[in-house]
Amino acid sequence: MAGFEFRETMSGSYRLDAAPERDLAISFTVGGRVDDMRKFLRDRIAEIQGAIDAEGLASHRAARGTMLMDPILGKQVGYELSFVDDQGRRYRLAGKKSVEFLRLMETMTTLPVELFDEAGARVGHGVLRFDVRSDLVKFLRSFRPLRLF
């Protein structure tokens, strides 16, 4: 059974736990891909890859991971992205949108995140947002069915 692909951009700010008074810019653009719709309908997981920019940490670095896409039944959309910073250290960004139907626009466009180092220790936290005005049309147009032969 064929799948689909899409592209998404989110941006916002984060704070390193070592310097909690300073807001830093963060953004990512990822392409998502589901090759097997049957599997996706069971686990709701899409593979994602793209690039992340995290001020003071990573400058347009490759990122890859998974996205849990379960806004209706599970009321959540989760992101796990791994990347290597500008000094070669491994990090993981983890976040989850908790979907509330009475506040759908806000909860589907706001992503609280945490940053973890390669040992699994939290090193920062932040909030990213999907910009509906500038990115919604691009996001919707990016959805494409995949034909597997």
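Just a few scattered comments:
- Scan the range 65-111 for residues that are surrounded by 16 or more Cβ atoms within 10 Å (Cβ to Cβ), part of a strand (DSSP E or B) and of a type in the set (Val, Ile, Thr) and the total you get is 3.
For (1) of a type outside the set (D, E, K, R); (2) modelled with pLDDT of 95 or more; (3) in contact with a Ser or Thr (Cβ under 8 Å, 6 or more places away or on another chain), each residue gets a yes or a no:
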{"site": "Ile48", "(1), (2), (3)": "yes, yes, yes"}
{"site": "Ile52", "(1), (2), (3)": "yes, yes, yes"}
{"site": "Ala58", "(1), (2), (3)": "yes, yes, no"}
{"site": "Leu73", "(1), (2), (3)": "yes, no, no"}
{"site": "Gly88", "(1), (2), (3)": "yes, yes, no"}
{"site": "Ala94", "(1), (2), (3)": "yes, yes, no"}
{"site": "Leu102", "(1), (2), (3)": "yes, no, no"}
{"site": "Thr110", "(1), (2), (3)": "yes, yes, no"}
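- Subset of the range 1-38 (residues that are small (Gly, Ala, Ser), more than 22 Å from Val137 (Cα to Cα) and not in a strand (DSSP E or B)): Ala2, Ala18, Ala19
- Filtered residue count, the range 25-39, keeping only those that are over 17 Å from the mean Cα position of the chain (by Cα), without any contact (Cβ under 8 Å) to a residue 40 or more places away in the chain and surrounded by 13 or more Cβ atoms within 10 Å (Cβ to Cβ): 3
- Qualifying residue in the range 47-56 (condition: under 16 Å from Arg89 (Cβ atoms) and buried (at least 19 other Cβ atoms within 10 Å of the Cβ)): yes
The values are calculated or read from the model by the stated rules, or taken from the named source; none is laboratory data. None of the values given here were measured: they were computed from a predicted structure. Ideal geometry is used to build each Cβ from the backbone, glycine not excepted, and the neighbour counts take in all protein chains shown.
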